[in-house]
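A short write-up of the structure that comes next.
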């Protein structure tokens, strides 16, 4: 396992890729998995510091951490639907320099707006080298400020009945809309 190898060989970090290497996953020097949420935040900060006028994209699941980092640098993180087709299209429309998804997909203007699992690990290693800080230290404050459960999926026995029940519950909560007047 990656985390055992990191500990055994006293590695600075661990890196893993999915089957076609378009997603990149990180483990800190202690062998702890780092959610893609925090890696996107690191890369948003790095890109905006290098290109202060740049725009960055994030998927709907990456909100508070990413937005806070962009706003602390006087920028706005632009939200996009999740999925490579949506993010690539939106990045082109907005001329964004970087886009990231919680699922460990990273998109780069300098790479024809495409995703790559090879570029992120180079950028994260650069951040570690330039800052002189371990990966755990680079993400520690963000992990404490914006805890992330990761994506949670559940199988439901009766999804149609459950959705009908939720719909009915919210229907009961709705207040009738007051008639709207349109100014002349």
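Structural remarks
- On the stretch given as region 1-19, residues that are free of Cβ contacts under 8 Å to residues at least 24 places away in the same chain and either assigned to a loop (DSSP other than H, G, I, E, B) or under 20 Å from residue 142 (Cα atoms) (or both) total 6.
- Residue in region 41-59 that is part of a strand (DSSP E or B), without any contact (Cβ under 8 Å) to a residue 40 or more places away in the chain and within 20 Å of residue 124 (Cα to Cα) present: no
Listed here are the residues, each with its yes/no results for (1) within 12 Å of the chain's Cα centre (by Cα); (2) surrounded by 14 or more Cβ atoms within 10 Å (Cβ to Cβ); (3) at pLDDT below 95; (4) not in a loop (DSSP other than H, G, I, E, B).
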position	(1), (2), (3), (4)
89	no, yes, no, yes
93	no, no, no, yes
99	yes, yes, no, yes
103	yes, yes, yes, no
107	yes, yes, no, yes
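- One residue stands out among those in region 20-40 that are at pLDDT 95 or above and in a helix (DSSP H, G or I): the one that is nearest to the chain's Cα centre (by Cα), which is 40.
- Of all the criteria given as (1) farther than 13 Å from residue 39 by Cβ; (2) assigned to a helix (DSSP H, G or I); (3) without any contact (Cβ under 8 Å) to a residue 24 or more places away in the chain, the one not satisfied by residue 68 is (3).
- Evaluation of residue 82 against (1) free of Cβ contacts under 8 Å to residues at least 24 places away in the same chain; (2) surrounded by fewer than 19 Cβ atoms within 10 Å (Cβ to Cβ); (3) within 21 Å of residue 127 (Cα to Cα) (one fails), failing number: (3)
- Residues satisfying the criterion are present in region 134-151 (criterion: in contact (Cβ under 8 Å) with a residue 60 or more places away in the chain, over 17 Å from the mean Cα position of the chain (by Cα) and either loosely packed, with under 14 Cβ neighbours inside 10 Å or not in a helix (DSSP H, G or I) (or both)).
The values are calculated or read from the model by the stated rules, or taken from the named source; none is laboratory data. Predicted model, so just to flag it, every value in this text is computed and none were measured. Glycine gets a Cβ as well: all are built from the backbone with ideal geometry, and neighbour counts include every protein chain shown.
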